[in-house]
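Written out below as structure tokens is the structure these notes cover.
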Amino acid sequence: MPESDLLDHLRWRYAAKSFDPHKTIPSEIWHQLEESLILTPSSYGLQPWKFIIITDAKLKAELRAHAWKQSQVTDCSHFVVFASKTTLNSDYIDTNLQRAAEVRGTDVATMHGYRGMMIQDLVHGARSGVITEWAGRQAYIALGQFMLAAAMLRVDTCPMEGFVPAEFDKILGLTAKGLTAAVCCAAGYRAESDKYATAPKVRLPSHKLIEHL
């Protein structure tokens, strides 16, 4: 892809303030966006998350009440809740290692050392006490990849932290699954009336943000 094409997609993207509620993301486009979520990299490759895709109008309305009543929640085509794990144990690690062995056609026993390193770090180490925070940061990697993929497909997005996680957890039954809502993203197509769609991007000059050593 030419550099100009990549930058054009990134400059086209913005945090949509208003979605057209009558436009739905076609299934073939949405399939690609779901795959972009699945392909997201994560620490140790453990994927400590679940992506809750919401299209039901009543459920979106219920969530909107706990998201500062932001219209993006109900007017978007697909509303994604990035739910991250609140606990992590050896069984979860073993499940992921078994999957890796199956996909790559190897013996899971060859990953014994790697398994021990992960368990020492995440199950018994200092990081075990902050798994919720650790997994939440992983969710933001998925958010970034999702937004970039959407921009490449000319689908609008709006990342959202303005919501009450405890209420989202309750409505979506996440707590019982060992999950919590970390961040959300509305996806769909911008409304023609959204003045922010054509507003110039405001960014600090590159010399203030990038340092070459």
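The values are calculated or read from the model by the stated rules, or taken from the named source; none is laboratory data. Treat the numbers as computed from the prediction; the structure is a model and nothing was measured. Cβ sites come from the backbone with ideal geometry, for glycine too, and all protein chains shown count toward neighbours.
Just to check your reading of the model, which residue among 88, 37 is surrounded by 16 or more Cβ atoms within 10 Å (Cβ to Cβ) and free of Cβ contacts under 8 Å to residues at least 60 places away in the same chain?
Details: 37 fails: free of Cβ contacts under 8 Å to residues at least 60 places away in the same chain.
Every option except 88 fails the conditions.
Specify which of the listed residues (47, 98, 120, 70) is within 15 Å of the chain's Cα centre (by Cα) and not acidic (Asp, Glu). Walk me through how you get there before you give the answer.
Details: 98 fails: within 15 Å of the chain's Cα centre (by Cα); 120 fails: within 15 Å of the chain's Cα centre (by Cα); 70 fails: within 15 Å of the chain's Cα centre (by Cα).
After applying the criteria, what remains is 47.
Report every pair of residues separated by at least 6 positions or lying on different chains whose Cβ atoms are under 6 Å apart, first residue within region 1-25 and assigned to a helix (DSSP H, G or I), second among the hydrophobic types (A, V, I, L, M, F, W, C).
9/151; 9/152
Determine if region 115-126 includes at least one residue that is of a type in the set (Asp, Glu), assigned to a helix (DSSP H, G or I) and either touching a helix residue (DSSP H, G or I) at 6+ places or on another chain (Cβ under 8 Å) or surrounded by 15 or more Cβ atoms within 10 Å (Cβ to Cβ) (or both).
The answer is yes, given that some residue of region 115-126 is of a type in the set (Asp, Glu), assigned to a helix (DSSP H, G or I) and either touching a helix residue (DSSP H, G or I) at 6+ places or on another chain (Cβ under 8 Å) or surrounded by 15 or more Cβ atoms within 10 Å (Cβ to Cβ) (or both).
Residues that are more than 28 Å from residue 54 (Cβ to Cβ), surrounded by 15 or more Cβ atoms within 10 Å (Cβ to Cβ), small (Gly, Ala, Ser) and at pLDDT 95 or above: does region 130-143 have at least one?
No, region 130-143 contains no residue that is more than 28 Å from residue 54 (Cβ to Cβ), surrounded by 15 or more Cβ atoms within 10 Å (Cβ to Cβ), small (Gly, Ala, Ser) and at pLDDT 95 or above.
Which of the residues that make up region 143-177 are closer than 25 Å to residue 61 by Cβ, in contact (Cβ under 8 Å) with a residue 60 or more places away in the chain and small (Gly, Ala, Ser)?
Residues satisfying the conditions are 150, 162.
Among 54, 29, 38, which is under 15 Å from residue 187 (Cα atoms), among the hydrophobic types (A, V, I, L, M, F, W, C) and under 15 Å from the mean Cα position of the chain (by Cα)?
On the way: 29 fails: under 15 Å from the mean Cα position of the chain (by Cα); 38 fails: under 15 Å from residue 187 (Cα atoms).
Only one candidate passes the filter, namely 54.
Give me the residue from region 161-175 that is β-branched (Val, Ile, Thr) and in a helix (DSSP H, G or I) and, out of that set, surrounded by the most Cβ atoms within 10 Å (Cβ to Cβ).
Step one: of region 161-175, the residues β-branched (Val, Ile, Thr) are 164, 171, 175.
Pick out the ones that are also in a helix (DSSP H, G or I) and you get 171, 175.
Numbers: 171: 17, 175: 12.
Restricting to residues being β-branched (Val, Ile, Thr) and in a helix (DSSP H, G or I), the top hit is 171.
Given the structure, is residue 158 touching a Pro at 6+ places or on another chain (Cβ under 7 Å), closer than 20 Å to residue 71 by Cα and either surrounded by fewer than 18 Cβ atoms within 10 Å (Cβ to Cβ) or at pLDDT 95 or above (or both)?
no
Hey, residue 69 hits all of (1) surrounded by fewer than 17 Cβ atoms within 10 Å (Cβ to Cβ); (2) at positive phi; (3) in contact (Cβ under 8 Å) with a residue 24 or more places away in the chain but one; which does it fall short on?
So residue 69 meets the others, but not (3).
Just to verify a result, which residue in region 155-201, among those that are in contact with a Cys (Cβ under 8 Å, 6 or more places away or on another chain) and of a type in the set (A, V, I, L, M), is farthest from residue 77 (Cα to Cα)?
The qualifying residue farthest from residue 77 (Cα to Cα) is 160.
Can you report the number of residues in region 64-96 which are closer than 13 Å to residue 168 by Cβ and part of a strand (DSSP E or B)?
Here the count works out to 6.
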